[in-house]
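One structure below.
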Amino acid sequence: MTTKVVSVWLGFIVSAFFTTSWGLLLNSDEGFEKACKQSGGDYTQRAGNDSNTGDICLMKFSVVTSDEQDARDFCELNAPWRLREARRETQDSIPVVICDVEATYTCNAGWIQMYGYCFKMSEMHDVYTHEEAEKYCKEQAGPSFHGEIASIHQRYILTPWKNYFRTIKQFWVQAPETWNEYVVKTNKVDGDYLALAFFGDHFEFSVPVNSLIKINGNVKLQALCQYKPAITPAEINYMGRRYSEIYYPTVPVKDGIIVRSASSYTRSSNQLDVCKKVLKPYMYTKESHFFPDPDSMEQLAKLEPETYSLMRSPLVSEIDQSYRNRHNCQTPGAHYEVVLGGKKTANFVVEHDKIKGKPTCDNMMSASISHFKGQAPEFHPMVDSQSLPIWCKLGKVVKYKFDVPPGWLDFRRLNGQVVLHWLSEEKLKFTDAAKACEAKGAHLAGINSLKEAEQLGNHVVGAKLNNEQFWLGAQRKTECLENNDWKAPCTRGKIFEWNNNVATDFREEWWKKNNNNHSPNPSGTGQRCLSFAFGDLYWSEKGDKGFLDDIECHNELRYFCSKMATFTECEENCD
């Protein structure tokens with residue numbers, strides 16, 4: 001088994017390394033992008049997974065609002081992401097509201113982000129008991145997240161659920177006890193498990209629409225799942241902005257944010273312990289030492305005080321104890337530095353000549369950050385016992401590792417996912433191949449790019465299985481079974497769909513050309529399943545670079561399985 005290691009800031013990947021949607025971060029949120037474009041919004045993707053700003057969408061709604069607060073309330077209800085601004089405008093004599101929203105988190109493909117959580121609904125006709133729904137949600141979220149039945153944890157959440165999950169009817173939910181006063185009795189299947197009935201008629205009960213009910217766990221309903229995604233630098237920056245509304249302005253830096261303490265402190269033997277208390281309101285434990293490097297000091301300079309500010313920096317120096325009995329004040333060591341865990345570290349050093357002024361007594365082994373309006377912040381010597389506010393940083397280098405089992409190959413997709421592929425040498429029918437992959441904790445594979453197709457091709461060549469077809473995890477859409485003209489909604493790029501979210505992209509040029517130029521077959525009553533067609537096949541044009549072909553599902557083919565790499569955090573034995 002091969003183990004690969006990546007280094008991460010704040011639980012998010014530095015862009016030069018691998019990322020994944022299961023355990024780490026993606027470069028963007030696909031569900032948010034689709035929702036933005038479907039609404040006709042103006043979409044801007046984040047610069048990368050280490051960006052302090054998430055994906056942005058300017059959503060326009062033709063609606064009359066009474067004032068700015070009314071516009072904000074409308075946006076919070078109808079655009080369930082982090083609200084940056086709500087603007088009231090008039091366009092062509094029509095009143096509109098512009099909801100400027102930010103997706104700070106990133107969710108797995110097939111999930112939609114709302115109010116800081118990722119949600120996914122089961123297929124329209126799939127229903128589950130409460131126990132089955134719990135298991136389904138856990139499986140859907142993957143091994144690195146806590147998948148569970150969706151919770152009513154926000155007062156606005158019900159409206160977005162109805163808007164974005166159009167086929168949702170009755171489904172299991174969780175909610176705090178405060179919601180119990182709204183529970184409606186069914187008088188038929190009442191029990192201990194909460195559910196929501198957007199549509200009141202079920203074959204086992206009938207209640208008014210939009211009813212919150214408590215029923216027997218053996219009743220079968222749809223499943224709405226949720227998980228809390230990994231925190232991102234964009235979310236940290238958002239929390240900093242909200243913190244600034246209550247306390248002091250936070251300062252975004254390259255690898256997180258720095259936060260000013262409300263209380264004052266003297267020199268501490270372990271400032272990180274102090275910062276853990278300061279940062280408790282963030283409910284996030286990836287704090288680290290603040291290194292006042294030039295870039296961070298430049299950001300601090302932008303936070304100009306009204307007149308003057310004085311803060312304790314994390315820089316300290318030491319002095320030979322034998323000098324303390326002398327009459328004259330002793331100069332500190334050659335430099336000031338940050339102390340990590342009680343031990344000196346050379347990760348960040350400020351030479352003595354960068355400290356403005358000279359110490360006047362032996363206990364001036366600390367350094368302050370002095371900042372006058374209109375000037376750059378400077379370091380000044382200060383006594384260890386002086387009590388001042390401090391800067392604390394949310395940001396930490398974390399190492400993650402993922403294992404590549406024997407026979408599997410890892411591939412990094414453009415959106416940041418790391419997917420593992422495995423090639424079977426056994427030939428099976430499509431349904432049996434899908435079950436065989438599931439037994440491995442995987443699904444029939446998907447392809448998201450030409451490069452990924454090339455890797456599968458290299459896998460085939462390595463196994464000496466040239467000029468064959470292999471099952472992939474996609475099937476013809478139900479509405480396209482009788483379609484025979486390649487017209488919307490069954491164009492060549494939309495006639496098939498990937499199962500289990502194994503991929504999201506599908507291009508017309510990926511179809512392999514045959515001698516009649518009928519790929520895929522316009523009449524799909526027989527050729528309902530998808531294969532990876534590699535090399536020159538008896539029916540294909542010689543040398544054609546396409547790699548997809550539709551085929552009857554009863555054929556016996558070898559197959560590709562795929563699953564997302566599972567990342568685990570490690571502090572030791574990461575190599």
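The values are calculated or read from the model by the stated rules, or taken from the named source; none is laboratory data. Just so it is clear, the structure is predicted and the values come from calculations on it, not from any experiment. Heads up, the Cβs are rebuilt from the backbone with ideal geometry, glycines too, and the neighbour counts pull from every protein chain shown.
I'd like the residue in the stretch 237-263 that is farther than 16 Å from Leu303 by Cα and assigned to a loop (DSSP other than H, G, I, E, B) and, out of all such residues, is modelled with the lowest pLDDT.
In this case the residue turns out to be Asp255.
What is the number of the single condition among (1) among the acidic types (Asp, Glu); (2) over 24 Å from Val404 (Cβ atoms); (3) buried (at least 20 other Cβ atoms within 10 Å of the Cβ) that Glu482 does not meet?
Unmet for Glu482, out of (1) among the acidic types (Asp, Glu); (2) over 24 Å from Val404 (Cβ atoms); (3) buried (at least 20 other Cβ atoms within 10 Å of the Cβ): (3).
Pull up the stretch 435-474, narrow it to residues that are of a type in the set (S, T, N, Q) and under 21 Å from Leu537 (Cα atoms), then point me to the one that is nearest to the chain's Cα centre (by Cα).
Residues of the stretch 435-474 that are of a type in the set (S, T, N, Q), as a first pass: 448-449, 455, 458, 466-467, 469.
Subsequent filtering for residues that are under 21 Å from Leu537 (Cα atoms) retains 455, 458, 466-467, 469.
Values: Gln455: 26, Asn458: 31, Asn466: 38, Asn467: 39, Gln469: 35 Å.
Only one residue tops the list, namely Gln455.
Pick out, from the stretch 190-236, the strands (runs of 3 or more DSSP E) lying fully within it that include 3 or more residues that are in contact with a His (Cβ under 9 Å, 6 or more places away or on another chain) and of a type in the set (Lys, Arg). Give the derivation first.
Details: elements: 190-197, 211-215, 222-227.
No strands (runs of 3 or more DSSP E) qualify here.
Sort through Glu452, Glu479 and tell me the only one that's assigned to a helix (DSSP H, G or I) and at pLDDT 90 or above.
Details: Glu479 fails: at pLDDT 90 or above.
After ruling out the rest, the residue left standing is Glu452.
Could you list, in sequence order, the residues of the stretch 90-104 that are small (Gly, Ala, Ser) and either in contact with a strand residue (DSSP E or B) (Cβ under 9 Å, 6 or more places away or on another chain) or not assigned by TED's automatic domain parsing to the domain that holds Leu58 (or both)? If you could, list the steps in order and put the result at the bottom.
Step one: list which residues in the stretch 90-104 are small (Gly, Ala, Ser), which gives 93, 103.
Matches in the stretch 90-104: Ala103 only.
What are the pairs, 6+ residues apart or on separate chains, where a residue within the stretch 30-56 that is among the aliphatic types (A, V, I, L, M) has its Cβ under 6 Å from a residue that is not in a loop (DSSP other than H, G, I, E, B)?
Ile56/Thr44; Ile56/Glu102
Here are some conditions: (1) crowded, with 19+ Cβ neighbours inside 10 Å; (2) outside the structural domain of Ile369 (by TED's automatic domain parsing). Leu279 meets all but one. Which one does it not meet?
(2)
Do any residues in the stretch 201-214 that are among the acidic types (Asp, Glu) have Cβ atoms under 7 Å from those of residues that are surrounded by 11 or more Cβ atoms within 10 Å (Cβ to Cβ), where the two are at least six apart or on different chains, and which pairs are they?
Glu204/Lys188; Glu204/Val189; Glu204/Val219
Report whether or not Ala223 is outside the structural domain of Ser366 (by TED's automatic domain parsing), modelled with pLDDT of 85 or more and within 30 Å of Leu196 (Cα to Cα).
On the way: outside the structural domain of Ser366 (by TED's automatic domain parsing): yes; modelled with pLDDT of 85 or more: yes; within 30 Å of Leu196 (Cα to Cα): yes.
Yes, satisfied.
Before we move on, is Gln271 under 26 Å from Lys356 (Cα atoms) and under 28 Å from the mean Cα position of the chain (by Cα)? Outline the logic, then answer.
Values: under 26 Å from Lys356 (Cα atoms): yes; under 28 Å from the mean Cα position of the chain (by Cα): no.
Answer is no for this residue.
Residue-wise test of (1) surrounded by 14 or more Cβ atoms within 10 Å (Cβ to Cβ); (2) of a type in the set (Ser, Thr, Tyr); (3) touching a residue at least 24 places away in the same chain (Cβ under 8 Å).
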{"residue": "Ala86", "(1), (2), (3)": "yes, no, no"}
{"residue": "Tyr105", "(1), (2), (3)": "yes, yes, yes"}
{"residue": "Val127", "(1), (2), (3)": "yes, no, yes"}
{"residue": "Ser144", "(1), (2), (3)": "yes, yes, yes"}
{"residue": "Ser151", "(1), (2), (3)": "yes, yes, yes"}
{"residue": "Ile157", "(1), (2), (3)": "yes, no, yes"}
{"residue": "Trp161", "(1), (2), (3)": "yes, no, yes"}
{"residue": "Thr167", "(1), (2), (3)": "no, yes, yes"}
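Would you check if there is a residue in the stretch 220-232 being buried (at least 18 other Cβ atoms within 10 Å of the Cβ) and in contact with a Pro (Cβ under 6 Å, 6 or more places away or on another chain)?
No - not one qualifying residue is present in the stretch 220-232.
Of all residues in the stretch 545-575 being charged (D, E, K, R) and surrounded by fewer than 16 Cβ atoms within 10 Å (Cβ to Cβ), which is modelled with the highest pLDDT? Steps first, please.
Going through the stretch 545-575, the residues charged (D, E, K, R) turn out to be 545, 549-550, 552, 556, 558, 563, 569, 571-572, 575.
Keeping just the survivors that are surrounded by fewer than 16 Cβ atoms within 10 Å (Cβ to Cβ) gives 545, 552, 556, 569, 571-572, 575.
Values: Lys545: 81, Glu552: 92, Glu556: 96, Glu569: 69, Glu571: 57, Glu572: 54, Asp575: 56.
Checked the stretch 545-575; the qualifying residue modelled with the highest pLDDT is Glu556.
Which residues, counting only those in the stretch 97-111, are of a type outside the set (S, T, N, Q) and modelled with pLDDT under 95?
Restricting attention to the stretch 97-111, the residues satisfying the condition of being of a type outside the set (S, T, N, Q) are 97-103, 105, 107, 109-111.
Answer for the stretch 97-111, where residues must be of a type outside the set (S, T, N, Q) and modelled with pLDDT under 95: Tyr105, Cys107, Ala109, Gly110, Trp111.
Select from the stretch 66-84 the residues that are in contact (Cβ under 8 Å) with a residue 60 or more places away in the chain and surrounded by fewer than 22 Cβ atoms within 10 Å (Cβ to Cβ) and write down the one among them that is farthest from Trp161 (Cα to Cα). Write out each step before concluding.
From the stretch 66-84, those in contact (Cβ under 8 Å) with a residue 60 or more places away in the chain are 76-78, 80, 82; that's our starting set.
Next cut, surrounded by fewer than 22 Cβ atoms within 10 Å (Cβ to Cβ) only: 76-78.
On the way: Glu76: 13, Leu77: 11, Asn78: 10 Å.
Per the criteria, the residue is Glu76.
One residue is enough: does the stretch 148-162 have a residue meeting the conditions part of a strand (DSSP E or B) and over 24 Å from Cys107 (Cα atoms)?
The initial filter retains those residues of the stretch 148-162 that are part of a strand (DSSP E or B), namely 148-149, 151.
Next, only the ones that are over 24 Å from Cys107 (Cα atoms) stay: none.
No, the stretch 148-162 has no match at all.
Go through Asp55, Asp29 for me and flag whichever is of a type in the set (D, E, K, R) and at pLDDT 95 or above. Even if it seems obvious, please write down each step before you answer.
Working: Asp29 fails: at pLDDT 95 or above.
The unique qualifying residue is Asp55.
Could you list all residues from the stretch 48-73 that are assigned to a loop (DSSP other than H, G, I, E, B) and within 28 Å of Gln140 (Cα to Cα)? Quick ask: steps written out before the conclusion?
Just the residues of the stretch 48-73 that are assigned to a loop (DSSP other than H, G, I, E, B), to begin with: 48-54, 62-67.
Once the filter is applied, which keeps residues that are assigned to a loop (DSSP other than H, G, I, E, B) and within 28 Å of Gln140 (Cα to Cα), the stretch 48-73 yields Gly48, Asn49, Asp50, Ser51, Thr53, Gly54.
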